[in-house]
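The values are calculated or read from the model by the stated rules, or taken from the named source; none is laboratory data. Computed from a predicted model, the values in this text were never measured in an experiment. Here the Cβ positions follow ideal geometry from the backbone for every residue, glycine too, while neighbour counts run over all protein chains shown. We work out accessible area using only protein heavy atoms, side chains counted, and drop any ligands, DNA or RNA first. Shrake-Rupley method; radii C 1.70, N 1.55, O 1.52, S 1.80 Å.
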Amino acid sequence: MAQIHNLGFPRIGAERELKFAQEKHWKGALSHAQLEALGAELRRENWQRQSGLDAVPVGDFSFYDHVLDTSFMLGNVPERARPEQGQPLDAYFRVARGRAAGDAEGVAAGEMTKWFDTNYHYIVPELSGRTTFQLDAKRLLAQLAEARRAGVPAKPVIVGPVTYLWLGKTHDGCDRLELLPGLLRVYGELLAALAREGVEWVQIDEPALVTELGPEWHRAYHLAYESLAGPGPQLLLTTYFGRLRENLELATSLPVAGIHLDAVSAPDEVERLSGALPAGWVLSLGVVSGRNIWKSDIGKALDVLEPIHGTLGDRLWIAPSCSLLHVPVDLTSEKKLDAELSSWLAFAQQKLEEIRSLGDALNQGREAAKGALAENARALQSRRRSKRVNDAAVQTAVKRLSPGLGARKSPYGKRAGAQARLFKLPKFPTTTIGSFPQTAEIRKARGEFRAGKLDANAYRLKMRAEIERAVREQETLGLDVLVHGEAERNDMVEYFGEQLDGFAFSEFGWVQSYGSRCVKPPILFGDISRPRPMTLEWTRFAQSLTRKPMKGMLTGPVTILNWSFVRDDQPRSLSCYQLALAIRDEVRDLERAGVRIIQIDEAALREGLPLRRSEWHEYLRWAVDSFRIAANGVADETQIHTHMCYSEFNDIIESIAAMDADVITIETSRSNMELLDAFDRFEYPNQIGPGVYDIHSPNVPSEQQIVELMQKASEKVPAERLWVNPDCGLKTRSWEEVLPALRNMVSAAQRLREAAQGSVR
């Protein structure tokens, strides 16, 4: 009998219960006990949704981030966050966001970056030559006990030791792998503790195995798993997000009891891995996408699985490709999606139904899943034949793309001079990244407008009032380049997708991005076009309120692509080029309306990178081309900005330079300007705004802190090419936090100018 299991389930709740509880707790309106009770209830609901599986993940739930959970379980807690007394969650949230509930003062939050090539963010483990590890498995063991009481066939899930070190960062130059022996001692203690609880299988996640690993990492894998071998739970070595390639031989040589392959990302490796499978091993195949929301072709999956099942029998396990963390909870909550489109989709709950159908068909014959197979085939056929998916005019426009479409009229040096004469900005010009606080009043107005309780004109007037407030506050602060604040925008991707043909939207399709931050990705199902201007009215109104330059704010084609659920029936590059042409039309409309500074955010450029460096070139080629097509149909005097946040991009700095934006703004506050190390080896030619204000923390940076960060930046980039700005948009913060932070930022810029003027004298 083939076994069916799952690797992880969305932790936020079908109605984002976790998000709202977290935020109430941080405000002091929900106690630790109440937050813990809510977590227990969400776990019970998740386990109920996974009923009927042969093995259900335990330990995949988190109050913020599962990598941070691992750091705490291993005793790797930064000294600055440890409370002398009090609740463990206080220390946890200090690392996660810089402050716990009730803290008068904050601490530096842990660095945050993207989880492999997804839009989920994890808190980077902090490592040094002095790092020691000490097991604290109380939380995992408590969840295991909860699951047992609920009758759940529990399979604990842990991040593997090598991947944990691979994800971490050192700041004292030590070799992370020197910490492996001490780390393995604690992992051994953890497995022993699970063995005492009678655990049979442990899912040990090692996604680093789908990346390019040097010989030292290969040796680390051998050392790690030889150390962990022996009596105790059987280990399911779990990989996902890509192909094993040259690491397949490494993976199958380790002393574990089974391996999981992401067969959606690596369909060509199924036969190779099944042929190389050591005697007695379990082979788990992820045949249902855990990262996208399209229905799987379960008939095609059965064609692959049936012969393997005939050979392996109960040693064949079937699962989603990765944790379902990356998809929404339940499609049945959607009442406004039209029936045709809805029939093409599967959220987490429906993906588990696909897994159950596959199990029925394998174990009892296809006749046992006849109804599910027929319904699945009808849905796939409907999608292939739908006239909503294909637009001949859009396809023709993409075919006519030429290299000249992505070229600026003049090189940066000439453009910079023209822009300096037009804008007359001071040294260290100040700006923000685009959004201002999305207050309760804004959200209420948007909700009433969508519910039909507020007509279009009344809604427009409310949004105009919020835009005027943002402009007046910026003028009072003394910022040099203003933004309209994006009061009318629900989300930087969803807002644009709602106005483009080829997109659809769910009501409850939320997924976790980080902590309490949830996003509702657009569903990109067809060819893309822009029927009308999307931002022109709001930007033109904002510019009419001030004589200072007003930035037009757009989301770039690569970010819209990477932060959407993208159609899987054509190459992603084609969809990106279609988006680029739509954004290009918007850029040119803004310029014609007199908007001469336009920011095109590409926050997700790096997360679309293939996990293997050898595959980067092709992605970067079409990603950079798409940005240039979107941005470069403007005059020299029009200044193009772009923004990137919370991504390690030092290793793609040449491609970022090739985008040829006049100004780039980046996150550098949490990493203490570490991201600027790229400029030690690469002379970035254009202007740059290193973020000096960590907007993901409630902490207000001091003027002195900002000055010191900018002084550090000026060691890497000439001062005349530096801007001063936060590291991301301000929509998640309150005005009470934003105003003093920006006031300090403007004062810091003034001090920097005075210091520069003094040095000239």
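Quick look at the numbers
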item: Flag for H617 being assigned to a strand (DSSP E or B) and either free of Cβ contacts under 8 Å to residues at least 60 places away in the same chain or under 26 Å from P726 (Cβ atoms) (or both); result: no
item: Search result, residues across the stretch 585-616 that are open to solvent by 40 Å² or more (accessible area, probe 1.4 Å), touching a Lys or Arg at 6+ places or on another chain (Cβ under 8 Å) and under 30 Å from G242 (Cβ atoms); result: R606
item: Scan of the stretch 164-208 for residues that are part of a helix (DSSP H, G or I), of a type in the set (A, V, I, L, M, F, W, C) and touching a strand residue (DSSP E or B) at 6+ places or on another chain (Cβ under 8 Å), ordered by number; result: L165, L167, L179, L190, L191, L194
item: Residue under evaluation A440, criteria (1) in contact with a helix residue (DSSP H, G or I) (Cβ under 8 Å, 6 or more places away or on another chain); (2) over 27 Å from I528 (Cα atoms); (3) modelled with pLDDT under 95, criterion not met; result: (1)
item: Complete set of residues in the stretch 527-583 that are buried (at least 18 other Cβ atoms within 10 Å of the Cβ) and among the polar types (S, T, N, Q); result: T535, T539, Q543, T555, T559, N562, S564, S575, Q578
item: Residue tally, condition touching a residue at least 60 places away in the same chain (Cβ under 8 Å), part of a helix (DSSP H, G or I) and open to solvent by less than 50 Å² (accessible area, probe 1.4 Å), over the stretch 134-152; result: 5
item: Search result, residues across the stretch 90-115 that are of a type in the set (A, V, I, L, M, F, W, C), open to solvent by less than 10 Å² (accessible area, probe 1.4 Å) and within 24 Å of L38 (Cα to Cα); result: A91, F93, V95, A96, A100
item: Cβ pairs under 7 Å, 6+ apart, first in the stretch 718-731 and assigned to a strand (DSSP E or B) and surrounded by fewer than 24 Cβ atoms within 10 Å (Cβ to Cβ), second modelled with pLDDT of 90 or more and of a type outside the set (G, A, S); result: L722/F428; L722/I688; L722/M710
item: Qualifying position, being modelled with pLDDT under 95, open to solvent by less than 30 Å² (accessible area, probe 1.4 Å) and not acidic (D, E), among L302, L324, L337, L316; result: L337
item: Residue that is farthest from I629 (Cα to Cα) [pool: residues in the stretch 540-587 that are in a helix (DSSP H, G or I) and of a type in the set (F, W, Y)]; result: F541
item: Pick from the stretch 258-291, criterion open to solvent by 20 Å² or more (accessible area, probe 1.4 Å) and of a type in the set (A, V, I, L, M), ranking: nearest to the chain's Cα centre (by Cα); result: V264
item: Condition met for G447 (in a helix (DSSP H, G or I) and closer than 30 Å to L324 by Cβ); result: yes
item: Cβ pairs under 7 Å, 6+ apart, first in the stretch 522-534 and of a type in the set (F, W, Y), second assigned to a strand (DSSP E or B); result: F525/G502; F525/A504
item: Residue ID - modelled with the lowest pLDDT, chosen from residues in the stretch 41-83 that are open to solvent by 30 Å² or more (accessible area, probe 1.4 Å), closer than 25 Å to V124 by Cβ and in a loop (DSSP other than H, G, I, E, B); result: P83
item: Odd one out for T638, checked against (1) under 20 Å from W563 (Cβ atoms); (2) open to solvent by less than 10 Å² (accessible area, probe 1.4 Å); (3) modelled with pLDDT of 95 or more; (4) not charged (D, E, K, R); result: (1)
item: Helices (runs of 4 or more DSSP H) contained in the stretch 295-379 and holding at least 2 residues without any contact (Cβ under 8 Å) to a residue 60 or more places away in the chain and touching a strand residue (DSSP E or B) at 6+ places or on another chain (Cβ under 8 Å); result: 298-312
item: Of residues in the stretch 176-233 being of a type in the set (F, W, Y) and open to solvent by 10 Å² or more (accessible area, probe 1.4 Å), the one farthest from L141 (Cα to Cα); result: W217
item: Among the candidates Q364, Q381, residue that is modelled with pLDDT of 95 or more, open to solvent by 20 Å² or more (accessible area, probe 1.4 Å) and under 30 Å from L574 (Cα atoms); result: Q381
item: Members of the stretch 388-437 found to be among the aromatic types (F, W, Y) and either loosely packed, with under 15 Cβ neighbours inside 10 Å or assigned to a loop (DSSP other than H, G, I, E, B) (or both), listed by number; result: F428, F436
item: From the options T113, T131, residue that is in contact (Cβ under 8 Å) with a residue 40 or more places away in the chain and in contact with a helix residue (DSSP H, G or I) (Cβ under 7 Å, 6 or more places away or on another chain); result: T131
item: F20 being among the hydrophobic types (A, V, I, L, M, F, W, C), under 25 Å from the mean Cα position of the chain (by Cα) and open to solvent by 10 Å² or more (accessible area, probe 1.4 Å); result: yes
item: Meets criteria (open to solvent by less than 20 Å² (accessible area, probe 1.4 Å), out of contact with any Phe, Trp or Tyr (no Cβ under 6 Å at 6 or more places or on another chain) and acidic (D, E)) for E126; result: no
item: Residue in the stretch 153-163 that is surrounded by the fewest Cβ atoms within 10 Å (Cβ to Cβ), counting only those that are in contact with a strand residue (DSSP E or B) (Cβ under 9 Å, 6 or more places away or on another chain) and assigned to a helix (DSSP H, G or I); result: T163
item: Scan of the stretch 490-541 for residues that are in contact with a Ser or Thr (Cβ under 6 Å, 6 or more places away or on another chain), over 13 Å from L579 (Cα atoms) and of a type in the set (A, V, I, L, M), ordered by number; result: M492, V519
item: Top-ranked residue in the stretch 732-761 [being of a type in the set (S, T, N, Q) and within 25 Å of M112 (Cα to Cα); ranked as surrounded by the fewest Cβ atoms within 10 Å (Cβ to Cβ)]; result: S734
item: Residue ID - nearest to F20 (Cα to Cα), chosen from residues in the stretch 511-526 that are surrounded by fewer than 21 Cβ atoms within 10 Å (Cβ to Cβ) and of a type outside the set (K, R); result: C518
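One line per residue, one yes/no per condition, for (1) in contact (Cβ under 8 Å) with a residue 24 or more places away in the chain; (2) under 25 Å from A154 (Cβ atoms):
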position	(1), (2)
P10	yes, yes
E15	yes, no
H25	yes, no
A33	no, yes
S51	no, yes
A55	yes, yes
